[in-house]
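Asker: Below is a structure I'd like to ask you about.
Just so it is clear, none of the values below were taken in a lab; they were calculated from the coordinates. These numbers come from a predicted model, not from an experiment. Backbone-built Cβ (ideal geometry, glycine too); neighbour counts: all protein chains shown.
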Amino acid sequence: MFQLPMLPRVLKQLFNRPATNPFPAVHLPKTMTGFLHQVATGKAKMHPPVEVPEGFRGKIGYHSEGCTYCGMCAKVCPARAIDVSRENKCMTVYAGHCIQCAQCTEVCPKGNLFMTKEFLTATTDRYAQDMVLE
Ligand code: SF4
Ligand code: SF4
C-alpha cells in the first residue's frame, strides 16, 4: 500500500508558528539605524528578544570594589581588552575588543569580572562611554 510517513509532520508544520524570533523588529525596517533612533525617541517599539540561557556570555562586566589590580585578568585575555596599572590602582576593560571568552572571569580571585546577559553590543565606536569599563 502507498504510504506517506512524512504527511502528518508536513501538515503539522503548516499550522505551526515559525521557530525564529523576529528581532529587533517584526517587519524589516527601511534602515536599522533609523529604526533604532525611533526606538530611542519612543516612536517605535523593539520586538522583545528571547530569554538567553543560563551561562550565556554577553557583554563583559566589571566592578572595581575589592579589585587588587593583580593583573591576572589582563594576562589571560587573548584579545588584550584589559589594561591594568598596579601603580596607579586603575583598570580599564574595553568591551569593544572583548571576544567574550570568559577567561578573565575564571581567573579573577575577587570575582570582579563577570559575563552579563547583554548582547546588543554592536557599535560604530569601540571606545564609546558604555563600551569602556573602569
Ligand atoms: S584579576 Fe580581578 S582582582 Fe585582579 S586585576 Fe583583574 S579584576 Fe582586579
Ligand atoms: S572575556 Fe575574554 S576577551 Fe573578554 S575581557 Fe575577558 S579574557 Fe578578555
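Asker: Taking the chain as a Gaussian network, Cα atoms linked when under 10 Å apart, which of P53, P109, P29 shows the biggest mean-square fluctuation?
Answerer: P29
Asker: Can you list the aspartates and glutamates whose alpha carbon is less than 14 Å from that of K89, not counting same-chain residues fewer than 8 positions off?
Answerer: By straight Cα distance, K89 reaches E65, E134.
Asker: Another question, then. For R17 and H37, what does the FRET efficiency come to when R0 = 35 Å and r is the distance between their Cβ atoms, rounded to the nearest 0.05?
Answerer: 0.70
Asker: Next question, about the same structure. Could you state the orientation-averaged shadow area of the convex hull built on the Cα atoms of the chain, in nm² to one decimal?
Answerer: Average projection, Cα convex hull of the chain: 13.7 nm².
Asker: Binning every alpha carbon pair distance of segment 35-77 at 10 Å from zero, what are the percents per bin?
Answerer: 19, 25, 27, 22, 7
Asker: Where the eigenvalues come from the Cα gyration tensor of segment 1-50, what are the semi-axes √(5λ) of the equivalent ellipsoid, largest first, in whole Å?
Answerer: So the equivalent ellipsoid measures 40, 9, 7 Å along its semi-axes.
Asker: With a 10 Å Cβ neighbour count serving as the proxy for reagent exposure, in which order, fewest first, do K43, K110, K59 appear?
Answerer: Ascending number of Cβ neighbours within 10 Å: K43, K110, K59.
Asker: While we're on this one: Take S64 and K30, extend 7 Å from each Cα along the Cα→Cβ direction, and tell me the distance between the two endpoints in nm.
Answerer: It works out to 4.4 nm between the two label points.
Asker: Also: If you split all Cα-Cα distances of segment 78-117 into 5 Å bins from zero, what percentages do you get per bin, shortest first?
Answerer: 6, 21, 30, 29, 12, 2, 0
Asker: Which chymotrypsin sites (Phe, Trp or Tyr not before Pro) in segment 33-118 pass both tests, a DSSP loop state and at most 13 other beta-carbon atoms within 10 Å?
Answerer: F56
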